[in-house]
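Below: one structure, written as structure tokens.
Derivation of every value follows stated rules applied to the coordinates shown; laboratory data play no part. The shown structure was predicted, so the numbers you read here are calculated from the model rather than taken from an experiment. Please note: Cβ atoms are built from the backbone with ideal geometry, for glycine as well, and neighbour counts cover all protein chains shown.
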Amino acid sequence: MTAIEFSYKIASLRSTLQTFTKRFTRDKEESHDLVQDTLLKALTYRDKFKEDTNLKGWLFTIMRNTFINNYRRVQRERTSHDRTKDLYYLNVEEDYTFNRPQESVEFKEIWQNVNHIKDEFLTPFKMYTSGYKYHEIAEHLHIPIGTVKNRIFHARKEIQKRLQGY
């Protein structure tokens, strides 16, 4: 297939590619960019395409991979790196407080309900909410890990029922 035929076939699939971008994004500009990136990569790597294969599927794969790579790049850019000596910024305390009356009342109400659940559920639940891992709770209480997960699940359900007034 010549370069002109290849370009023509790709151009004829542009609207299909545009529709396919809805799987990835609802933003119109991002959608157009994704189609353009896909077409550019397809034209750049035309020699990688095998003539007896599905062109639309090949383009869809390029588009999906482009979207995934762009997404990962954006996620890496959002990650903050503390390059200060002794990791100063990572060790700074957060300055938010819970001094609003409605939040303190809600907090007290929740913990009152937590403290009224059965002891067999209460201990694993409190340990879990204070940062213990499932296997640590199981070792400490000498019970199987499945039982720990079950008791925490039932504790949550019982607390929800109490908060809803049942």
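Key figures
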item: Extension reserve of the Lys50-Lys118 stretch, reckoned as 0.36 nm per residue once the Cα distance is removed; result: 17.9 nm
item: Order of Leu43, Leu55 under a 10 Å beta carbon neighbour criterion, fewest first; result: Leu43, Leu55
item: Point-to-point label distance, Tyr134-Thr16, nm (Cα→Cβ direction, 7 Å offset); result: 4.4
item: Likely footprinting exposure, Val114, Val35, Val74, fewest C-beta neighbours within 10 Å first; result: Val74, Val114, Val35
item: Dipole-positive endmost among Phe24, Gly57, Phe6 within segment 3-78 (Cβ charges, Cα centre); result: Phe24
item: Which of Phe60, Phe153 has the fewest Cβ neighbours within 10 Å, and the rest in rising order; result: Phe153, Phe60
item: Candidate lysines for bridging to Lys149, where Cα separation is under 26 Å - those fewer than 8 sequence places away on the same chain excluded; result: Lys108, Lys118, Lys126, Lys133, Lys157, Lys161
item: Contour excess over end-to-end distance, with Cα ends at Arg73 and Ile110 and 0.36 nm allotted per residue; result: 9.3 nm
